[in-house]
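Each remark here refers to the structure printed beneath this line.
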Amino acid sequence: MLLATSSSGQCINLAEDWKKPDLERIRTLNTFQCPVCNGNVTLKLGTKRIWHFSHQKDALCAGETEPESTYHLLGKKQLYHWLSIQNFTPEMERYFPLLKQRPDLFLPNLSTAFEFQCSTIPTQVFTKRTRSYRKANIDPLWILGAKRLSRSKNSHFYRLDELAFQSLRFSDDCDFSPYLIYFCPLTSSFTLLHSIIPYSSRTVLAATHSIPLKHTHFPFYMNELELPLLKNYYNDWIEKIITTRLYLHVNKDPAVVMMKKHLLNKGVQFNLFPIEAGIPSKHLFWFHSPAYVWQTCFLMEILQPLPIGTSFQFREVFRTFISLIKSYRIKTRSTLPDKNSHISFALMDYLQCLCRFGILKRIDVNHFSKERGLHFPESMTEVRQRMKEYFKM
Ligand SMILES: [Zn+2]
């Protein structure tokens, strides 16, 4: 931690500019206390790590839930400076006793808590923290340590863990939503991971934009970003679907295993599932299982049996679909930091894609009709070609 109180009552914030001799002098004349638990803390002025206060061994402090790395302390210090020069008067490590939370930085004017998250914490802990901030009308801004960001070679695919999924920022008036904010104290720069579309429970298609700390202001103006070059972006998606199909026989994901079983029972060679399954769309985040699995479930169980020309109600179909996904062992996410969304939006978006592909027609708000049958491909070349047609590439 970077904040403590000295025995003479002075509040020492190590993110401020201090000279070592001054701190050494204060240290010889004082002891230091943690503002949260009042326990004694030691001022460390070493050369290897950034100067910080440290609790005595085995101290139990409600304000210190996880050990802080040098990377974390350095990041916190840089963010503090960055906000200070923009006149935000950030508060370092302010403790909220009722919430039992101590965000890295807090902006009282904007009621925003900055959490610079470098280590992995259990999802339940994360959800609990987020909820308690929201209840207290504080907007938690999760900034992830940039070393958590991992990109697949030469593609727009990134691997995210569940903590990152839960840290997503959704915004209705931003074309690049949802997005994630990463910060690297070693290069003093932010990386915005934006235009994120989940491919599977851990893999997403996304674009990045890096901005040096000194060239950006808070809050971020997301609409100044540039969209990824859509041709390359979707091309990566298509190639990924093809790789998925080629290796489907070794895929052990429980939902994929069930999907293969259901397809074989219907006499469909499983890697030749309908072309219309695996379509990127909005609100896919509600599904933990890959889009190609739940979309195959919808196509095979609900759409395929309907005769061409039949119309159906969205509400009914949604209800049936939700009861069916259990038999496919499809997993959904129960919470997402998106207040304006619901899992039904994912299905509605998908139906709208199917309308664009000419499979469905939207009759009115709640009614669709089936216009043509599904395409079962015969080869990967056909998959590639037809998907490119769908994406108009
Ligand atoms: Zn303490």
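A few points about this structure:
- Scanning region 44-101 for residues that are more than 16 Å from the ligand (Cβ to nearest atom), in contact (Cβ under 8 Å) with a residue 40 or more places away in the chain, within 19 Å of Ser119 (Cβ to Cβ) and not in a helix (DSSP H, G or I) yields one hit, Ser69.
- Filtered residues of region 149-159 (kept if closer than 19 Å to Thr243 by Cβ, out of contact with any Lys or Arg (no Cβ under 6 Å at 6 or more places or on another chain) and buried (at least 18 other Cβ atoms within 10 Å of the Cβ)): His156, Phe157
- Within region 160-203, the set of residues being among the basic types (Lys, Arg) and more than 8 Å from the chain's Cα centre (by Cα) comprises Arg202 only.
- Filter result (free of Cβ contacts under 8 Å to residues at least 60 places away in the same chain, in a loop (DSSP other than H, G, I, E, B) and near the ligand (Cβ under 9 Å from one of its atoms)) within region 25-43: Cys34, Cys37, Asn38, Gly39
- Scanning region 212-227 for residues that are basic (Lys, Arg) and within 23 Å of Asn154 (Cβ to Cβ) turns up nothing.
- The set of residues in region 158-180 that are touching a Pro at 6+ places or on another chain (Cβ under 9 Å) and in contact (Cβ under 8 Å) with a residue 60 or more places away in the chain comprises Phe165, Gln166, Ser167, Leu168, Arg169, Phe170, Pro178.
- Boolean, Phe106 is surrounded by 20 or more Cβ atoms within 10 Å (Cβ to Cβ) and either among the acidic types (Asp, Glu) or closer than 30 Å to Leu205 by Cα (or both): no
- Of residues in region 8-53 being of a type in the set (Gly, Ala, Ser) and surrounded by 12 or more Cβ atoms within 10 Å (Cβ to Cβ), the one farthest from Leu79 (Cα to Cα): Gly39
- Residues of region 3-24 classified as assigned to a loop (DSSP other than H, G, I, E, B) and in contact with a strand residue (DSSP E or B) (Cβ under 7 Å, 6 or more places away or on another chain), total: 2
The numbers here are math on the coordinates, done by the rules we state, and not lab data. It should be emphasised that the depicted structure is a prediction, and the values quoted were computed from it without experimental measurement. All Cβ positions, glycine included, derive from the backbone under ideal geometry; neighbour counts span all protein chains shown.
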